[in-house]
Structure formats: C-alpha cells, structure tokens
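*Asks:* Below: one structure in structure tokens.
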Amino acid sequence: MDSISFPVIAPRLDRLKRTGTRLHLLAGALILAHAISHFRGETTHTLYFWCLLIISLDIFLLVLVGRDLLVQMPRVSLLFRIIEIIFFTGIGVLMLVQGSPVTGLFHLLLAIAYGYLCYCERLFRHDETLSIHHTGITVPDIPESRFLYWTHINKIDAYYDSIDITTAGDKPLRFQFRNNLNFEELERVQAFCAFYLP
C-alpha cells in the first residue's frame, strides 16, 4: 500500500488563523498608543510620530477592510506580522536607550511573542495535510507537524467527513477533512489502518 494524504482542517492552526486578526488589532492599538504618547512628549520627533501613526492605521485598515484577505492570502498577514515585529523591537530598543527599562522590556517581549507567532504562521502557506504512511501518521500541528508511530496510536476511526485518532496516552485528536471522502477513499483509509494497527 502506498502512503495516502488528505487536506484537513487542523484545530490548533485554525484557531491561530482566527485569532490572527485580533492580534493584528492589538499590535495596531499598541503602536497607535505609542505614537500618541510620543506626540504628547516634550521630545516629539514628528517623522517618528507620523510613521507610527501611518503603520497603525494601515494595520487597522487591513484588519477591518481586508479580514478575508488575511485568511485567503497568508503572506500578507505574514508581511504585517514582520512589520509589527520590527516596530516592537525598535520601540523596545528606543525605550531602553531613553531610560525606560520596563516599557522597553515589555515591547521587546512583545516582539519575541510576535516573532513566535510569525514562526507558527509561516505554516499557513501550505494546506494542512494529514498523511498515513507505513510507519505512522503525520498530523499538522503548531509549530511543526507531528509524526505519530503506529505503536503510539491506540485507535483510529475514519468517517466521510473526519478522522479521529486516539494516541497511546488516550489523547484524542480530531481532524475534519476539507473535502468529504468518497466510498473508495474511506475504504482505503480503513484498510490501511486495520493493517497497521495492532
């Protein structure tokens, strides 16, 4: 039997996709707040203020008008995530230099958190795929896909619209298929699993 693969909806990746717009809004709000605080300060740098203002408004516009665009074109979301990382790093370093260590460290921690999100979101360029091999099953996960050996799997229930995997630690994993399986595909998956599961 050859390996078989199906595009699926991975719950954790899907949740990250849905929260991505809220995280963009948070980044836009923080950048806007920093711009306003700089505008009110005594050492206001006009160019710096306008750059922060334009980037924050750009993020708000992208989220409010192009919400579907972020899901359909993940590279656009990734580009804005990189811009947010650069700004949070820049603001953090600037705050440290100006003698505000708490604010500086807060923004640097935000830059690290958004960097990790960017690392996870790079997976959005590909469809999430569940693959059944001779040695085990590859399941999509964050930050990397996981490989489960047959010895680590207790049970698999395949249906036309989803597949349930119970691991050796009795941890249930459920994946919805992007397209329902036809009868032959379902039979093939069930035969594959019946052959390799003890």
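*Asks:* Given the condition farther than 28 Å from residue 119 by Cα and basic (Lys, Arg), answer yes or no: does some residue in region 170-177 qualify?
*Replies:* Of the residues in region 170-177, the ones farther than 28 Å from residue 119 by Cα are 170.
Still in the list and also basic (Lys, Arg): none.
No.
*Asks:* Here's something else I'd like to know. Can you tell me which residues in region 122-131 are open to solvent by 80 Å² or more (accessible area, probe 1.4 Å) and in contact with a strand residue (DSSP E or B) (Cβ under 6 Å, 6 or more places away or on another chain)? Steps first, please.
*Replies:* Here is the first cut: in region 122-131, the ones open to solvent by 80 Å² or more (accessible area, probe 1.4 Å) are 125-127.
The answer is 127, and nothing else.
*Asks:* Check every one of the helices (runs of 4 or more DSSP H) wholly within region 14-109 and list those with 3 or more residues that are at pLDDT 75 or above, more than 18 Å from the chain's Cα centre (by Cα) and under 30 Å from residue 139 (Cα atoms). Walk me through it before giving the result.
*Replies:* Values: elements: 46-65, 67-72, 74-97.
Of the helices (runs of 4 or more DSSP H) lying wholly inside region 14-109, none has at least 3 residues that are at pLDDT 75 or above, more than 18 Å from the chain's Cα centre (by Cα) and under 30 Å from residue 139 (Cα atoms).
The values are calculated or read from the model by the stated rules, or taken from the named source; none is laboratory data. Every value quoted in this text rests on a predicted model; they were computed, and no experiment measured them. Glycine also receives a Cβ, built like all others from the backbone with ideal geometry; neighbour counts cover every protein chain displayed. We work out accessible area using only protein heavy atoms, side chains counted, and drop any ligands, DNA or RNA first. Shrake-Rupley method; radii C 1.70, N 1.55, O 1.52, S 1.80 Å.
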